[in-house]
């Protein structure tokens, strides 16, 4: 991939990722992640 | 005093491991950290049920949101993975991943070492699509909640970092051990044997996070470049690569974990790793006709 093309792709993805992260925060996805992560995940340890 | 490159990377990995897993005292009581940091994802694979873990596992978090009642797509986790991948690619695997470091230590156990046929490196993409994306969305219970299929049926990091420490400190959990735990222990043992024989066996064959970052290696800002004018095609870089990549042919291969060993061994200093795009004389796709010895 040419450098210019790569630059455009990278910039686009960085902008998209920023929008995604913000939107995820707004709709409270972080709470789902936190709730899952602060309790023992029975599936992860092979009991689920 | 000049520190050897491999030692420098190892120290960096150990620091990253310690930063991701600072709560070692939690192992004693079998507790897990419950602070606010757990809403953020670790860039590398690290089970959030590990007593010492500071952050959430990105693969576990992705499945948790995708399989939740309210959402089928995690903008937050996908956004984080895109950002990590675009910035660093598989540098994360080579320098920051806690399970990557564990595998490297396991590989130091003396034994004959093997190479992995390339076909096996595609398994991780199937695991990513089937176990991490499709199953948590499609297989749901009556409440519309899906299960984290990768964590449940495959992840050896979860068994090693979360399962064994928690089950050894919680007798009440031990009473519920069944066939699933046996399957996960079998996969963990298989992974350990694989890692003894093959360098980073799990990263190469099974890791869905490695699959995501590998796909992003082609566009990541941290990248590898070959100076085609100074490269003499000696093949030293290919021979030293433990991920079985030929950096001259495929500088931004999905398998390259940016360990930098190829750049260190290059007699012509023709391999450059970093964020900066160097001169226009440097090519990222060099056509190599024949290797000279």
Could you compute how fast chain A diffuses translationally, taking Rh as the Kirkwood radius over C-alpha pairs and applying Stokes-Einstein at 37 °C with viscosity 0.692 mPa s? Give it in µm² per second. 244 µm²/s
So, how do all the Cα-to-Cα distances of segment B:137-288 break down into 5 Å bins, in percent, from 0 on up? 2, 8, 14, 15, 13, 11, 10, 8, 8, 6, 4, 2, 1, 0
With the label point 7 Å along the Cα-to-beta-carbon line of residue A:35 and a cut-off under 19 Å to each amide N, the hits in segment B:60-85 are B:60-78
Using only Cα atoms, what is the ratio of the radius of gyration of segment B:114-225 to 2.2 N^0.38 Å? 1.24
With Cα coordinates, the longest principal axis of chain B makes an angle with the long axis of helix B:98-107, in degrees rounded to 10, of 70 degrees
Theoretical FRET efficiency, 1/(1+(r/R0)^6), r = Cβ-Cβ of residue B:4 and residue B:164, R0 30 Å, to 0.05: 0.35
Rounded to a whole number, the mean other protein chain Cβ count within 10 angstrom for residues of A:12-22 is 5
Can you tell me what percent of all Cα-Cα pairs in the protein assembly as shown are more than 30 Å apart? 37 percent
Averaged over its residues, how many other protein chain Cβ atoms are within 10 Å of peptide B:146-153's Cβ atoms? 4
Percentage relative contact order, chain B, counting C-alpha pairs under 8 Å, at least six apart: 21 percent
For B:58-67, B:87-96, ranked highest to lowest by mean beta-carbon neighbours within 10 Å, the order is B:58-67, B:87-96
Segment residue B:125-residue B:138, length gained on full extension (0.36 nm per residue, minus Cα span): 2.9 nm
Could you order the peptides B:201-207, B:71-77 from most to least packed, using the average number of other C-beta atoms within 10 Å per residue? B:201-207, B:71-77
Estimated 222 nm signal from helices in chain A, with DSSP H stretches of n ≥ 4 weighted -39500 (n - 2.57), rounded to 500: -23500 deg cm²/dmol
Pick from B:216, B:145, B:243: which residue has the top mean-square fluctuation in a GNM of chain B where Cα pairs under 10 Å get a spring? B:145
Using only atoms on other chains, find how many Cβ atoms lie within 10 Å of each Cβ of peptide B:219-230 and report the average. 1
Go ahead and set up a Gaussian network model of chain B, Cα springs under 10 Å, then flag whichever of B:272, B:107, B:229 fluctuates most. B:229
Debye intensity ratio in log₁₀ form over the Cα atoms of chain B, taken at each q of 0.11, 0.14 Å⁻¹: -0.69, -1.07
Å³ per residue enclosed by the Cα convex hull of segment B:104-178: 149 Å³
Separation in nanometres of the label points that stand 7 Å from Cα toward Cβ, at residue B:265 and residue B:232: 1.6 nm
Quick check on chain B: helices-only [θ] at 222 nm, where DSSP H runs of length 4 and up contribute -39,500 (n - 2.57) each and the sum goes over total residues. Nearest 500, please. -11000 deg cm²/dmol
Answer rounded, prolate or oblate for segment B:6-139, using the Cα gyration tensor with square roots of eigenvalues a ≥ b ≥ c: rounded when a/c is under 1.5, else prolate when a/b is larger than b/c, else oblate. oblate
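Where a number appears in this text, it was derived from the coordinates with a stated rule and is not lab data. This structure is a prediction, so every number in the text was calculated from the model and none was measured. We place every Cβ from the backbone using ideal geometry, glycine too, and count neighbours over all the protein chains shown.
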